[in-house]
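Structure record follows, encoded as structure tokens.
Here, each number is a calculation from the coordinates, and none is a lab measurement. Since we're looking at a predicted model, the values are computed, not measured. Quick reminder, even Gly has a Cβ in these numbers, built from the backbone with ideal geometry, and neighbours come from all protein chains shown.
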Amino acid sequence: EVQLVESGGGLVQPGGSLRLSCAASGFTFNNKWMSWVRQAPGKGLEWVAIIKPDGSDKKYVDSVKGRFTISRDNAKNSLYLQMNSLRVEDTAVYYCARNTATDALFDFWGQGTLVTVSS
Amino acid sequence: DIQMTQSPSTLSASVGDRVTITCRASQSIRNWLAWYQQKPGKAPKLLIYKASSLESAVPSRFSGSGSGTEFTLTISSLQPDDFATYYCQHYDSYPITFGQGTRLEIK
């Protein structure tokens, strides 16, 4: 059974940092592109970042470039999102999502972890 | 960036109705479009990919069509489990973007 379990969310002050983790199981993690997608409270979905299976290629939405870093550890079947210089507008549920073998769509999602940026 | 616009934002319908949701892209995305269903407090679920291909285990009452800039998601006969929010998403280029969502509610 495919599972994606996020952790690391919580309350942080503006300007602070947080590192999200996603533990993957039930599939061959090291041959899948992986992404983070977020959803602000009561709002729609926003793609945040994507990483190639070997970690050699990463892409980000403009609003997080230079502040967020996506990474992975294939030996641990884990995906990460390091979030620095957090802003109030980064408040959202962050989902870890698996991309299909050939395309940048999302065929399996975790349950999400809530990040709240507030003073 | 490619903008995705869904209509309507909210749709009221009854069990058994046929409903259609439209998604328009600000430029051609060929057929690189997906549809997702999301229920409150849950993660989205992939329904349709490549504009018209049905994801495994998704009921056949769901169908997608379109290419270029205009796409539709149709539910042929609404079931109680279908009342949810639906999102379109393009994957033609980066950044990947989603429509703002269509909330399907019970009339």
Peptide A:37-44: average number of partner chain Cβ atoms within 10 Å per residue?
3
Can you check how the C-alpha radius of gyration of chain B compares to 2.2 N^0.38 Å, as a plain ratio?
0.99
per DSSP, antiparallel bridges as share of beta bridges in chain A, % nearest 5, sits at 95 percent
Where the centroid of each part is defined by its Cα atoms, how far is the range A:84-119 from the range B:71-107 in Å?
19 Å
Given the Cα atoms of the range B:47-99, and with Rh set as the inverse mean 1/r over their pairs in the Kirkwood sense, what is Rg to Rh to two decimals?
0.97
Proxy exposure order for A:L4, B:L33 (fewest C-beta within 10 Å first) is A:L4, B:L33
Calc'd 3J(HN,Hα), the range B:72-86, phi into Karplus 6.51 cos²θ - 1.76 cosθ + 1.60 (θ = phi - 60°), Hz, glycine/Pro = x, comes to 9, 10, 10, 10, 6, 8, 4, 10, x, 6, 8, 6, 5, 9, 10
Would you list, by chain and number, the lysines whose Cα falls below 20 Å from the Cα of A:K58, excluding same-chain residues fewer than 8 positions away?
A:K32, A:K76
Surface/4 estimate of mean projected area, convex hull on alpha-carbon atoms of the range A:9-117, nm²
6.4 nm²
Net charge near A:D90 (other residues with Cβ under 10 Å of its Cβ; Lys, Arg +1; Asp, Glu -1) is +2
Per-residue mean of other chain beta-carbon atoms within 10 angstrom of the beta-carbon, peptide A:54-65?
1
Ordered by residue, what ³J(HN,Hα) values in Hz, to whole numbers, does the range B:29-36 give under the Karplus form 6.51 cos²θ - 1.76 cosθ + 1.60, where θ = phi - 60° and Gly and Pro are x?
10, 6, 10, 8, 9, 10, 10, 10
Give me the tail of P(r) for the range B:10-65 as a percent: Cα-Cα pairs with distance above 14 Å.
63 percent
Using a 10 Å cut-off on Cβ to Cβ distances, tally the other chain neighbours for every residue of B:93-101 and report the average as a whole number.
6
Kirkwood-based Rg/Rh on the Cα set of the protein assembly as shown evaluates to 0.97
